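Novice: Structure in structure tokens, see below.
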């Protein structure tokens, strides 16, 4: 993948993915998060002149205005417990990922917790994610990984990479 291809990090908040991508020379990055504070924090950390578009939005009402080569979501999708929100997300990701591009998504696995940060979550297997995104994506890889929490616990996450149909 070329470093000038567009990448979006859904729910990137104050995470460090954007830092790593900038360090690798990527020049077309977007970070979307519902928290303005988190976006300000990471923007200050990476520098205001970094080649990053900062989008303060709620994914349940947002729609992309362009297409991305990579759509990355680590732990936003599992907060969508309403079927209409899930359907909206699947539609906008299909519209927002360029043909041949990739959707990388991580959610709580079926044996994961039923809530996070006091909010209910929906747990997903690789098969159920593939079914949800079947209208335009095919699964390339999937795995279950134990995520180590700051409190010392381990939460099982399902990671899936899907390719957008041409």
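Novice: For segment 55-108, compute Rg over Rh where Rg is the Cα radius of gyration and Rh is the Kirkwood radius from the inverse mean 1/r over Cα pairs.
Specialist: Rg/Rh for segment 55-108 comes to 0.93.
Novice: Quick one: 86, 97, fewest Cβ neighbours within 10 Å first, how do they rank?
Specialist: Exposure proxy ranking, most exposed first: 86, 97.
Novice: Please list the radius of gyration and Dmax for segment 68-166, considering alpha-carbon atoms only, with Å as the unit.
Specialist: 13.2, 43
Novice: Sort 73-84, 56-67, 133-144, 4-15 for me by packing, meaning the mean count of neighbouring Cβ atoms within 10 Å per residue, highest on top.
Specialist: Packing order, densest peptide first, comes out as 4-15, 73-84, 133-144, 56-67.
Novice: Taking Cα atoms of segment 11-57, Rg/Rh with Kirkwood Rh, to two decimals?
Specialist: Reported Rg/Rh, Kirkwood definition of Rh: 0.91.
Novice: Another question about this same structure. Sticking with the crude label model, points 7 Å out along Cα→Cβ, report the distance from residue 61 to residue 4 in nm, one decimal please.
Specialist: 3.7
Novice: Same structure again: Running Debye on the chain with equal point scatterers at the Cα sites and no solvent, what base-10 log of I(q)/I(0) appears at q = 0.11, 0.13 Å⁻¹?
Specialist: Here log10 of I(q) over I(0) equals -0.43, -0.62.
A short reminder: the numbers here are calculations on the coordinates, not readings from a lab. If you're wondering where the values come from, they're calculated on a predicted model, not measured in any experiment. In this analysis, Cβ positions are derived from the backbone assuming ideal geometry, glycine residues included, and neighbour counts consider all displayed protein chains.
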